[in-house]
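Some notes on the structure that comes next.
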Amino acid sequence: MTTHREVWLGRDHRRAGHGDLAKIDTACKGRVFNVALSDMPERKADLIAGRYELPAPKGPTGVAVKITDMLGEEVLVMAEIS
């Protein structure tokens, strides 16, 4: 069974105008990044959504979000949720 939980990872890349690709792992254990959702805008002028609702495993889990800009620079943010 999965539940939906809201997680704030401390950055709003959409408002800052950063991020051309967002990838989310809802069950991150730190070794392998398994993409549960990938968001890439259709047009260059568009922005990533910045807010996503995904099912998460019941109980404590790790969530990882990887934001990549058009130059290929990446930011990886990880958080434990319970």
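The values are calculated or read from the model by the stated rules, or taken from the named source; none is laboratory data. As the structure is a prediction and not an experimental result, all values here were calculated from the model. Every residue, glycine among them, receives a Cβ derived from its backbone with ideal geometry; neighbour counts consider all protein chains shown.
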Self-check item: Scan of segment 1-29 for residues that are at pLDDT below 80, assigned to a loop (DSSP other than H, G, I, E, B) and closer than 25 Å to S82 by Cα, ordered by number
Solution: M1, R5, E6, V7, W8, L9, G10, R11, D12
Quiz item: For segment 54-68, what are the residues that are within 10 Å of the chain's Cα centre (by Cα) and either surrounded by fewer than 13 Cβ atoms within 10 Å (Cβ to Cβ) or closer than 11 Å to C28 by Cα (or both)?
Solution: V63, A64, V65
Quiz item: Counting only residues that are assigned to a loop (DSSP other than H, G, I, E, B), of a type in the set (K, R) and either at pLDDT 85 or above or farther than 11 Å from D20 by Cβ (or both), how many does segment 44-82 have?
Solution: 2
